Structures are given as C-alpha cells and as structure tokens.
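To start, the structure itself, in structure tokens.
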C-alpha cells in the first residue's frame, strides 16, 4: 500500500491525487517573455514581478501581499491610489505569483532583502508608505524596525504576528521530511478549501479571487516556498517587533474584519497595546481580505490617512 493511500485512513483531509493536478510548468525567462505587459527585475535571489504606476513625483505607496495570494489582491487599490496622485508599487514575494521560486529559507531576512533590493533597483530612495495584509505584516514590521528612515506611514489589514492555535495536522506539515510529503499531497486541497471559505458577498469577485489565485499554482515550487515561509519566518511571534515599531513613532492605521477566520479579530488588542497611537477601524461582518472584499469601505479611509 502506498504512503499516500495509507495516510488517508487517518488523515481524511488528504486527497492523494491533488499532488499531481498543479505545478506542471517551470517559471523561466522564456515563459515570462510571452507575458505581455508584465514587468520584471532581477534581484540577487532571483527575478521579481512588480507593477509601478502613478505620477513619478507622487509619494510612493508599496502594497505587500500575504502568505499565499500574490499582488493581484491589491487590484481594487492599485489604480485607485495611482489616480489619486500616489506612485504605487506592488510586487510578488518570491515563491508567489510570477516571481521566481528560489530554493532558500524564507526567513525574515530573506523577505526583507527582497523589498530593500526592489526599492533600490527602482531608484526609490525617499520614504515610502507601506500597506500590507496578513503575513505581509511581518515584512512591514521588520522593515520599519530595520529601516525606519525609509518609511513614512503604514497600514495593516488583519495582520499576523501573534500566537494562534495551530491544529496538529498543520504542525505535522511543518515537520521535516514527512511535512514535505504531506504538503505536496494535501497543499492543493488546503488552498482550495480556504478559497471556498472566503466570505465574499460578490460572487463574481469571489470566483475572480479563486481563479487568479490558482493561476500561480501551475508553476513549480509554489507549495515548497509557502512551506518554507511557514517554517522559517516567525509570523506568530512578532510582539517585540511590534513594540519597537510603536516606539519608532510612525503613524499607522489598522483595519480588521470581526469575522476574520485567518488572523483572529481579538488580536487587534495586541497591536493596539504595542502601537498605542495606531488608528483602528473594525468591520463587524467582514472577513480576512477586507481590501479585496470591501474596497468601497476601506479605500476612502486609507486615502484620507495617507493624504493627511
């Protein structure tokens, strides 16, 4: 009996066929050459996909996505903020979207280096605004802590950074060797179930999110890079970093949906305790990807904050 089949006897969430349904293509320079309208830059660890728009003399806003969904999650902010006069930048973290999938430990240092090198490669030297979602908060908090002179203001949507209950099956996935096997087998199923749980009222937008998310999964290395991030980037233990950012004094704003099933809404108290001056906007009936689910609610508030 194969390992995959035997596992299903005690792990009902395993689909032994799912490992071979995605990640069939290599993301190469030749493949990117066929992608019209896409922009790329080669950094020390590999190629990064990015988009830059808006007036060249505008204040720069950098949109940073979370653990799995790439930079398209900022679709409903990107053009809007460019039209409002900001120079807007969004990019795919290594391992996601159309960026390379380098074989590396996806540590805080590794992800910070990508952002630093991207800003330098694009000639962005003035302080920027940072806007992020979920796991991306670990990148933003570390960046502010390490490079405070390069930041103006910041915005957080349902940020990670504090301990949560981790089910045994996910702890098992994070273990060496067996975790690699299990995540290869179960990863696609986990991601699909998570997408189906998104509480997005607009069914067209919900299907759009699912379709665009799955596009990145046809390229080899996606699950491997996500797993490396879970193992090596301490996204559940950043309280001290948040506190140091609070002492730096940068103005910040916090958005959180009370029905967030990824980062617990109650964690807003941890953020507020660490950064007492942060502006907090709770949303009673909304979920995790507030910026994508309800841009009509959050965009005016975020624009007012960044334009102040």
Between residue 215 and residue 24, 0.36 nm times their residue separation minus their Cα-Cα distance comes to what? 67.6 nm
Which shape class applies to segment 102-196: rounded if a/c is under 1.5, otherwise prolate when a/b exceeds b/c and oblate if not, where a ≥ b ≥ c are the square roots of the Cα gyration tensor eigenvalues? prolate
Would you calculate the separation in nanometres between label points at residue 41 and residue 197, each defined as 7 Å from the Cα along the Cα-to-beta-carbon direction? 3.6 nm
Pairing the Cα long axis of helix 295-307 with the longest principal axis of the chain, what angle in degrees results, from 0 to 90 and rounded to the nearest 10? 40 degrees
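May I ask you to compute the full-extension gain from residue 172 to residue 308, defined as 0.36 nm times their residue separation minus their alpha-carbon distance, rounded to one decimal in nm? Intermediate results must be reported in sequence, preceding the final value.
Details: separation 136, 0.36 × 136 = 48.96 nm, distance 4.66 nm.
Length difference between fully extended and current span is 44.3 nm.
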Only Cα pairs under 8 Å and at least 6 apart count here; give the relative contact order of segment 161-289 as a rounded whole percent. 29 percent
Based on DSSP H runs of at least 4 residues, each adding -39500 (n - 2.57), what is the mean residue ellipticity at 222 nm of the chain after dividing by all its residues, to the nearest 500 deg cm²/dmol? -12000 deg cm²/dmol
How far is helix 222-232 tilted, in degrees, relative to the longest principal axis of the Cα atoms in the chain, given as a value from 0 to 90 rounded to the nearest 10? 70 degrees
In degrees rounded to 10, the 0-90 angle between helix 136-146 Cα long axis and the longest Cα principal axis of the chain is 50 degrees
For segment 37-145, what is the relative contact order in percent, using Cα pairs closer than 8 Å and at least 6 residues apart in sequence? 33 percent
At a threshold of 8 angstrom on Cα-Cα distance, excluding pairs fewer than six apart, so keeping six or more, what relative contact order does the chain reach in percent? 21 percent
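For residue 53 and residue 237 in the same chain, what is the full-extension length gain: residue separation times 0.36 nm, less their Cα-Cα distance, in nm? Before the final figure, lay out each step's value.
Numbers: separation 184, 0.36 × 184 = 66.24 nm, distance 3.43 nm.
In short, 62.8 nm is gained.
Remind me, what semi-axes does segment 244-298 give for its equivalent ellipsoid, largest first in whole Å, using sqrt of 5 times each Cα gyration tensor eigenvalue? Walk me through the numbers on the way to the answer.
Details: eigenvalues 94, 32, 13 Å².
Over the Cα atoms of segment 244-298, the semi-axes work out to 22, 13, 8 Å.
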Along the Cα→Cβ direction, 7 angstrom out, place labels at residue 146 and residue 121. What is the inter-label distance in nm? 1.6 nm
Label-point separation in nm, residue 299 to residue 34, each point 7 Å along Cα→Cβ: 3.4 nm
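Read-outs: derived from the displayed coordinates by stated rules, not from any lab. Not measured: the values here are computed from a predicted model. Note: ideal-geometry Cβ built from the backbone for every residue, glycine included; neighbour counts use all protein chains shown.
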